[in-house]
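Take a look at the structure below.
The values are calculated or read from the model by the stated rules, or taken from the named source; none is laboratory data. Just so you know, these numbers come straight off a predicted model, no measurement behind them. Please note: Cβ atoms are built from the backbone with ideal geometry, for glycine as well, and neighbour counts cover all protein chains shown. These accessible areas exclude ligands, DNA and RNA; they are computed on the full protein's heavy atoms, side chains included. Shrake-Rupley method; radii C 1.70, N 1.55, O 1.52, S 1.80 Å.
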Protein chains: 2
Amino acid sequence: MTGPVAPISVAPAVRPRIPAARFGARLAQAQAGVAERGLRAMLVSVGPDLVYLAGYEAMPLERLTMLVVPASGRATLLVPRLEVAPARACPGVAGGHLDLETWEETEDPVDRVAHLVGGFGSAFAGRATPDRAAVSDRLWAFHLLRLQAVLPGAVFVSASLVLRDLRIVKDADEIALLRLAAEAADRVMWEIAHGRLVGRSEADVAREVRDRLLAEGHDRADFAIVGSGPNSASPHHEASDRIIEAGEPIVLDIGGPFGGYGSDTTRTIWVTGGDATRGPDDEFLRLYSVLRAAQAEATHAVHPGVACERIDLVARELISAAGHGAHFFHRTGHGIGLEGHEDPYLVAGNAEELRPGMAFSVEPGIYLAGRYGARIEDIVICGDDGPIVLNQLDRDLLVVTG
Amino acid sequence: MTGPVAPISVAPAVRPRIPAARFGARLAQAQAGVAERGLRAMLVSVGPDLVYLAGYEAMPLERLTMLVVPASGRATLLVPRLEVAPARACPGVAGGHLDLETWEETEDPVDRVAHLVGGFGSAFAGRATPDRAAVSDRLWAFHLLRLQAVLPGAVFVSASLVLRDLRIVKDADEIALLRLAAEAADRVMWEIAHGRLVGRSEADVAREVRDRLLAEGHDRADFAIVGSGPNSASPHHEASDRIIEAGEPIVLDIGGPFGGYGSDTTRTIWVTGGDATRGPDDEFLRLYSVLRAAQAEATHAVHPGVACERIDLVARELISAAGHGAHFFHRTGHGIGLEGHEDPYLVAGNAEELRPGMAFSVEPGIYLAGRYGARIEDIVICGDDGPIVLNQLDRDLLVVTG
């Protein structure tokens, strides 16, 4: 980040895609999980689980789209008739891995789902052992309440019982996309950090971040936190109309999906406005130095078999030892993939052990309310022998004219 | 749309906002609804209901944000601690209309919600008459399943029981925003329809649509359907890599939120590439003429007291009489406001009567699979004496060089 030359754009002309055959394998694994757990079916609505299993992306709307994966037999994607063309083109359907059905505007799609599950109405009710059906985590309550009404004898559980163990470990194609996403975000961060900042509003800088993320090939620019001065002490600050001044830090936390897989990186910089007397004060330098060490040690601790909460503890102990324990009030990291936040979470109480292929952020922060704060965030893969860090920008405090 | 001059930009320098006091009134109405319906509480997570009641926008994430509106007493907004700053600034909290509480990273927020509801665990269970709690339609199943586990005696119902009657009628401030959204979308449509099209990919045109929607002040550009040639026959076609050719129609369906309130408009144009022999064929002209009449008559039928399904029927009868009944396979319209699709729906079977202040699309379409299709869409307000049409572009078939 301190080098004089911007990172070289290495975005390939043709973006890698998840091979179409992969969706067949994922569906087979998911169906095996449904059977193993004694579920009657898994019901997956629009969202990351549907992208994972069928490669099908659609807007979450009031019209129900639902993939029904029974314990045995063919899976079926049920979509509104007016979306049949894009549904037919998705790899899950085009590859012959699942059947496609449509419902008409005057039909009740929930009845159709119940029929596909094979347990319409009373067929589910009144059994000694109720049937269980899994639903995707992002299914709207609007739809789940209707399903529960139509299948009164069923017990509904989270589809993550089956899918989290599949999605939590990324394969080589997924890691390739996460790496491209990180590199694209790095280039945006470099440009922003070395551009003009003093005198501009946070919102104006955030707009530039979003434009650059899209220009770098991101599907969307989901977030662009620009927290200047006292706003740097609010971890989820939205960019505001505040004008950036010389002599203060800025927390930049940017990202979004790239080929479906998320970027998410944070750097904290200090802008002087060219006035040598407006550099970082000693307290900020001490705070940043502690944070820098905590982020490095937490990253260094990543290794197969290490508990998620251990990574959090490594960062937290260093920060607490410096007297800032109360100023670090969020978890150290979150998984990332088809969702910006997903399993595994690096948080106290999560004893799950890291496995090769897990992808997550390492992002401790220190926040002094009303004054200023700092955060450093990289996306890290748990490799066979330790951490593989996808973000490449320098992590030392960058002091710029701005 | 056929005029030589682009619509004049009338976007005001200062965008109107919903007055802060309005949120207090909305909360009071919602609470009265909770009490009237014998609910113990209404639980509202991130999404349009939360924007409506508290003016609070946040990303829907795995960290629970929830507004708890009890049948009596103060309402409470529960947010993750790291989002306390933006939550404190929202009109509902800043205006003193509701209390703010935060939860820590190592806490279970669902337990906190149960406590706020006043019915933790067994307090709900085993009663002769179960307690009922309403949840917002967009609450994730992930959260609802947890709430159901923690409150096993409770019956969960949709918060729309209370909120749909409030949200379905727009007040003057909301209509002002819908009008600005429509006017901004009209300007984008005009520019796209009069720009270069032949030889460009649909995706490239869609990018221009999105850029222009944002430049015109939209919060987001949620959709930009560009369906050219045979793709015009797929109502929810996504813009593809197909290159637009001379001598074919293009369906343009664009929109997104503007100050929180949605735009959504469709025009169908025909591009000749400057070749007089490549104008629309007779069948397309007949099809479009029927569609034009159906959209006009359906709009004309809008009046207080008319059933929603009647508007649908007016359009459908005209299209069916022309032999295209099977080619119009979606409803005639959907409500619009804080959501792109919301109540009321103009669809067969919906006997709800239109009331002044209701806002919805009127958008019949005719689609000949594999060949071409057309759709015309305006946003219409039900006024005291008839329709108030917010979109102003001409609806005759626009034949352009492209």
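Shortest first and in nm with one decimal, please list how far the B:Glu245 label point sits from its counterparts in the other copies (point 7 Å along Cα→Cβ).
6.3
Please work out which residue of chain A brings its Cβ closest to the axis of the rotation superposing A onto B, and round that distance to whole Å.
Per the A/B rotation axis, the closest residue of A reads A:Leu144, 3.
Treat every Asp and Glu Cβ in the range B:172-400 as -1 and every Lys and Arg Cβ as +1, leave all other atoms uncharged, and give the resulting dipole magnitude about the Cα centre to the nearest 20 debye.
Here the range B:172-400 has a charge dipole of around 520 debye.
Taking the label point 7 Å from Cα in the Cβ direction, how far apart in nm is A:Ala293 from each other copy of itself, listed shortest first?
For A:Ala293, the other copies' label points sit at 8.3 nm, shortest first.
Starting from a label point 7 Å past Cα on the Cβ side, list the distances from B:Gln29 to the same position in the other copies, nm, shortest first.
Copy-to-copy label distances at B:Gln29, shortest first: 4.9 nm.
Would you please put B:79-90, B:100-111 in order of how densely packed they are, using the mean number of other Cβ atoms within 10 angstrom per residue and starting with the highest?
The packing order, highest mean first, is B:79-90, B:100-111.
Just check the range A:172-400 against the gyration tensor rule for me: Cα atoms, a ≥ b ≥ c as the square roots of the eigenvalues, rounded for a/c under 1.5, and otherwise prolate or oblate depending on whether a/b exceeds b/c.
Because a/c hits 1.5 or more and a/b fails to exceed b/c, the range A:172-400 counts as oblate.
For the Cα atoms of chain A, what angle does the longest principal axis make with the long axis of helix A:202-215, in degrees from 0 to 90, nearest 10?
Helix A:202-215 sits at roughly 60 degrees to that axis.
Taking each residue of A:226-239 in turn, how many C-beta atoms of other protein chains fall within 10 Å of its C-beta, and what is the average?
Average neighbour count from other chains, rounded to a whole number: 3.
Any chance you could look up the accessible area of B:Phe223 with a 1.4 Å probe, heavy atoms only, rounded to 10 Å²?
For B:Phe223, solvent-accessible area is about 40 Å².
Give the average, rounded to an integer, of partner chain Cβ atoms located within 10 angstrom of each Cβ in B:100-107.
Partner Cβ neighbours, averaged per residue: 3.
So in the protein assembly as shown, what percent of DSSP beta bridges are antiparallel if you round to the nearest 5?
So the antiparallel bridges amount to about 75 percent of the total.
Report, for the range A:20-167, the % of DSSP beta bridges that are antiparallel, rounded to 5.
Details: 8 of 20 bridges.
The answer is about 40 percent antiparallel.
Please turn the phi angles of the range A:385-391 into ³J(HN,Hα) values with the Karplus equation 6.51 cos²θ - 1.76 cosθ + 1.60 (θ = phi - 60°), one per residue in order, whole Hz, x for glycine and proline.
10, x, x, 10, 8, 7, 7
Please identify, among A:Ala296, A:Ala141, A:Ala184, the residue showing maximal mean-square fluctuation in a Gaussian network model of chain A using a 10 angstrom Cα cutoff.
Top of the fluctuation ranking is A:Ala141.
Please give the helix B:20-36 orientation as an angle from the longest Cα principal axis of chain B, in degrees from 0 to 90, rounded to the nearest 10.
Here the helix axis deviates by roughly 70 degrees.
If you find the alpha carbon centre of the range A:306-326 and of the range A:66-98, how far apart are they in angstrom?
So the two Cα centres are separated by 45 Å.
Quick one: dipole size for chain B, taken about the Cα centre, charges +1 on Lys/Arg Cβ and -1 on Asp/Glu Cβ, in debye to the nearest 20.
Working: 38 positive and 54 negative charges, 135 e Å.
Dipole magnitude for chain B comes out near 640 debye.
Calculate the mean, over all residues of peptide A:46-59, of how many other protein chain Cβ atoms lie within 10 angstrom of the residue's Cβ.
The mean count of partner-chain Cβ atoms within 10 Å per residue comes to 1.
Mind checking which of B:Arg187, B:Arg22, B:Arg210 has the largest fluctuation in a GNM of chain B, springs on alpha carbons under 10 Å?
Most flexible of the set in this elastic network: B:Arg22.
State the Cα centre-to-centre distance between the range B:257-278 and the range B:344-402 in whole Å.
14
Mind pulling the angle between the C-alpha long axis of helix B:141-150 and the longest principal axis of chain B? Nearest 10 degrees, somewhere in 0 to 90.
Rounded to the nearest ten degrees, it is 20.
With a/c under 1.5 counting as rounded, go ahead and sort the range B:249-343 into rounded, prolate or oblate using the C-alpha gyration tensor (a ≥ b ≥ c being the square roots of the eigenvalues; past the cut-off, prolate if a/b is larger than b/c, else oblate).
Oblate, because a/c is 1.5 or more while a/b does not exceed b/c.
What is the magnitude of the charge dipole of the range B:20-167 about its Cα centre, with +1 placed on the Cβ of each Lys and Arg, -1 on the Cβ of each Asp and Glu, and no other charges, expressed in debye to the nearest 20?
Roughly 460 debye, rounded to the nearest 20.
Most mobile of A:Ala149, A:Ala185, A:Ala75 per a Gaussian network model of chain A (Cα springs, under 10 Å)?
In this elastic network of chain A, the residue with the biggest mean-square fluctuation among A:Ala149, A:Ala185, A:Ala75 is A:Ala149.
Need one word for the range B:20-167: rounded, prolate or oblate. Basis is the Cα gyration tensor (sqrt eigenvalues a ≥ b ≥ c); a/c below 1.5 gives rounded, then a/b vs b/c decides. It would help to have the intermediate numbers written out before the result.
Values: a/c = 1.72, a/b = 1.18, b/c = 1.45.
Cα axes put the range B:20-167 in the oblate bin.
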